[in-house]
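Every read-out reported here was derived from the displayed coordinates using simple, explicitly stated rules and does not represent laboratory data. Not measured: the values here are computed from a predicted model. Note: ideal-geometry Cβ built from the backbone for every residue, glycine included; neighbour counts use all protein chains shown.
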Amino acid sequence: MKMAFRWFGENNDSVTLDQIRQIPQTSNIVWSLHDKVAGDTWSEAEITKEANFIKAQGFEIDVVESVNIHEDIKLGKVSRDKYIEIYQDTIRKLSKVGVKVICYNFMPVFDWMRSDLAMPLKDGSTVLAYDADIVEARSFEQTLKDFSDGALGYTLPGWEPERLALLAETLKAYQSITEDQLWKNLEYFLKAIIPVAREYGIKMAIHPDDPPWSIFNLPRIVNRVEHLRKILSLVDDPHNGLTFCTGSLGSTSENDLPAMLTEFIDRTPFMHIRNVKREDRLFYETSHRTQDGSVNITKIIEVLHAHNYQGYVRPDHGRMLWNEAARPGYGLYDRALGIMYLWGLWDAFQQKSK
Ligand SMILES: [Mn+2]
C-alpha cells in the first residue's frame, strides 16, 4: 500500500508538509484546488503550481480529492453536458502533472453530515459524531450554524459557503429526483467520463455516502454492497473504481467490510481507513485501533496485505488530541497515530507471510 495524507493547501491547513514528512513512510499528499467550487474550470497553471509546490516538498501527488460534481449533473439537467465537458477537461489536465486517481462522490447537496464536530470521549479527546435523533430534530439553519461555529474558521470540505448559498434552491430541485433517476444520472456521468479517464490513465474512485443512508429525504445510492456492484457494472472498466471508506461504509452493521473489500479490491484504487463506534442510533469516530471501534481494521489490512495491495491508503478522520486546534477530523496527531497502526498491522502480516 502507498500511504497518503490529505492536505488542504498552504495557509488553509493547520498541518504543514514539514510535519507530514516526519510521519514514517508517507509518500503521497492527497490534494485538490480547494478554492474551486463544483463546475469551475481548473486551469493548467493552477494545477501545475499546486502540484509542483507539493512535489518540491518531497511528496508525490498521485491522488486528487476531490473534483466535485456540479449538482446539475446529479440532477440530470440539460446544462449537465457543459459541466461534464469541464470535468473531462480537468481529468486531462490532471493527468498531465501525473495524477493517477481522482476521488469524488455523488451525494446530493451534502458531502457528509454529523450532529457534533467535537464530541468529547472519556479520555478527553474529541471526535466527529452522528446522532440520528439530533440530526432529525435539528433545523437546517441550526445545522449550518453548528457547522460554521465548530469549524474553527476553516471551511469544511463539502460545506463551502458558495455551495450553501444555493441550498434552498438545490433542495427544491431534488424534490422530484427519485433514486432511480439518480442512478440514471450517475450512469450518464460515468459513460461520459470513464472513456476519458481510460484514455488519460486516471482511475476514478467514487466515495460512498456518509452516513450510509438517506438524509433529509434526499436520494442516496452509494452505501451498500449491491450499490457498489451496480456502479462497477455500469461501466465495467478498471478506470471506474471505488474509494473504499471503512468509516462511511462501516457506520452501518449491514455492511460486511472485509467481504466487500475482498470482492471489490481489484476495483479499489484508493482506501480511506478509519474506525467508528456504532451505538444504536449513534456513531462516533474513534482511534484506528480495531478494539476501539466497530470496524475490524485488522481484517481490512489483512485483506489488503493478502492481495499485495498497490493502491493508495489514507487515514481518514482522526480524533482531536492534546489540545490541537485543527479542521475537525483533520488534525495531525491522531491521523499520524493511525498511519503507524496501519503500518504496524501491515508489517506484522508481512513478517508472518515470510
Ligand atoms: Mn472517507
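With just the Cα atoms defining each centre, how far is segment 155-170 from segment 13-33? Give it in Å.
27
Taking H placed 1.01 Å from N in the peptide plane, check which residues at least 5 places from residue 295 or on another chain put their amide H under 5 Å from its amide H.
276
Can you give me the long-range amide H partners of residue 30? Hydrogens built in the peptide plane at 1.01 Å from N, cutoff under 5 Å, separation of 5 or more residues or another chain.
5, 6, 7
Evaluate E = 1/(1 + (r/R0)^6) for residue 57 and residue 188, where r is the Cβ-Cβ distance and R0 equals 35 Å; express this FRET efficiency to the nearest 0.05.
0.35
Can you give the net charge of the other residues whose Cβ lies under 9 Å from the Cβ of residue 311, counting K and R as +1 and D and E as -1? Kindly include the intermediate steps, with their values, before the conclusion.
Details: positive: 2, 203; negative: none.
Net charge in that neighbourhood comes out at +2.
If you average the sequence gap of Cα pairs under 8 Å that are 6 or more apart and divide by the length of the chain, what percent do you get for the contact order?
18
In terms of the Cα gyration tensor, with a ≥ b ≥ c the square roots of its eigenvalues, is segment 297-345 rounded because a/c is under 1.5, prolate because a/b exceeds b/c, or oblate? Show your work: numbers first, answer last.
Working: a/c = 3.40, a/b = 2.52, b/c = 1.35.
Note, shape of segment 297-345 comes out prolate.
Please list, in order along segment 113-125, the HN-Hα scalar couplings obtained from phi with the Karplus expression 6.51 cos²θ - 1.76 cosθ + 1.60 (θ = phi - 60°), rounded to whole Hz, x for Gly and Pro.
Along segment 113-125, the couplings run 9, 9, 8, 8, 8, 8, 7, x, 8, 4, 7, x, 6 Hz.
Going by a ≥ b ≥ c, the root eigenvalues of the Cα gyration tensor, does segment 46-177 fall in the rounded group (a/c under 1.5), the prolate group (a/b larger than b/c) or the oblate group?
On the way: a/c = 2.62, a/b = 1.24, b/c = 2.11.
Judged from the Cα gyration tensor, segment 46-177 comes out oblate (a/c at least 1.5, b/c at or above a/b).
How high is the FRET efficiency between residue 178 and residue 151 when r is their beta carbon distance and R₀ equals 35 Å, given to the nearest 0.05?
Numbers: r = 33 Å, r/R0 = 0.94.
Efficiency computed from Cβ-Cβ geometry: 0.60.
For segment 249-286 and segment 55-95, what is the separation of their C-alpha centers, rounded to whole Å?
If we compute the Cα centre of each part, the gap is 25 Å.
Using a 10 angstrom cutoff on alpha carbons, build the Gaussian network for the chain and name the most mobile of 280, 123, 209.
123
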